[in-house]
Amino acid sequence: MKYPKALEELIASFKKFPGIGPKTAERLALHVLLGADQEDVKSLSSNLLKALEEVHPCKNCGILTDQDLCFVCKDYTRTKQLMILENNKDMISIEATGQYHGRYHILNGVISALNGVGPDDINLGSLKQRIKDEGITEVIISTNPTLDGEMTAYYINNLLKDELEVYRIGYGLPAGTNIEYANETTLIKALEGKRKM
């Protein structure tokens with residue numbers, strides 16, 4: 001069956017979201033038209049536009065905010081540690097632990113030779129000056145343990161290692177995992193991340 005053009009365009013719009021395939025996009029579009037309360041749909045539309053207009057990366061660190069500075073950059077009780085992360089979702093996860101009380105620097109990506117993303121394409125331009133201006137004493141590179149994440153961590157380490165202490169976040173076995181089922185990379189990271197008991 002061929003859908004009306006406006007519905008096809010709505011399905012195509014939903015398919016652009018990560019993790020949404022053709023069937024899910026079709027289900028969502030049909031729900032918007034046939035199953036959802038029209039006020040909810042109008043509210044969703046309004047909220048999308050409002051978020052696009054008002055939310056932007058913090059000019060200092062890259063955390064999403066609707067102010068000039070985000071809630072972390074406004075908090076002067078934060079330590080002089082700086083955690084470098086790939087994206088805002090990673091920051092939310094770290095913040096949820098309640099164990100880290102330093103500052104953040106969001107890269108909004110990683111260096112990826114395969115995808116043509118270089119150091120100038122991610123949020124690295126202001127990093128060295130920011131470290132100097134804020135008196136940062138320690139950097140924790142917390143990019144993901146992927147090939148691109150490791151390449152990015154290596155680049156940042158070389159950029160900063162002569163100026164201050166640079167650490168890499170520990171990786172290893174998740175709690176409840178049996179060693180026999182862990183892959184080689186996980187085991188290597190677990191051994192590298194060993195600590196004294």
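Values quoted throughout were computed directly from the atomic coordinates according to the rules given, and no laboratory measurement underlies them. For clarity, every value in this text was computed on a predicted model and none was experimentally measured. Positions of Cβ are backbone-derived with ideal geometry, glycine not excepted, and every protein chain shown enters the neighbour counts.
Residues whose amide H lies under 5 Å from that of residue 105, counting only those 5 or more places away or on a different chain, are 83, 84, 85; hydrogens are built 1.01 Å from N in the peptide plane.
Contour minus end-to-end for residue 8 and residue 47, with contour as 0.36 nm per residue of separation and end-to-end as the Cα-Cα distance? Present the calculation step by step, with values, prior to reporting the outcome.
On the way: separation 39, 0.36 × 39 = 14.04 nm, distance 2.25 nm.
Net length gain for the segment: 11.8 nm.
Pairwise Cα distances in the range 123-197 exceed 16 Å for 58 percent of all pairs.
What is the local net charge at residue 32, summed over the other residues whose Cβ is closer than 13 Å to its Cβ (Lys, Arg +1; Asp, Glu -1)? Could you put the intermediate results ahead of the total?
Working: positive: 27, 42; negative: 9, 26, 37, 39, 40.
Neighbourhood net charge equals -3.
Taking the square roots of 5 times each eigenvalue of the Cα gyration tensor of the chain, largest first, gives ellipsoid semi-axes of 37, 24, 17 Å. Relative to the current alpha-carbon distance between residue 181 and residue 33, full extension at 0.36 nm per residue lengthens the span by 48.7 nm. When both bridge partners sit in the chain, DSSP labels roughly 20% of those beta bridges antiparallel. Comparing 107, 34, 82 in a Gaussian network model of the chain where C-alpha atoms under 10 Å apart are linked, the largest mean-square fluctuation is found at 34.
Only Lys, Arg, Asp and Glu carry charge here, each on its Cβ (+1 for the first two, -1 for the last two); on that basis the range 56-95 has a dipole of about 160 debye about its Cα centre.
Evaluated at 10 °C with a viscosity of 1.306 mPa s, what Stokes-Einstein diffusion coefficient in µm²/s does the range 5-54 have when Rh comes from the Kirkwood expression over alpha-carbon pairs? It comes out at roughly 138 µm²/s.
Label-to-label distance for residue 93 and residue 171 is 1.1 nm, based on points extended 7 Å past Cα in the beta-carbon direction. Note: relative contact order over the range 1-77, using C-alpha pairs below 8 Å and six or more positions apart, is 14 percent. Above 19 Å, the calculated P(r) of the range 105-165 contains 26 percent of its Cα-Cα pairs. Across the range 1-89, counting alpha-carbon atoms alone, Rg and Dmax equal 18.8, 60 Å.
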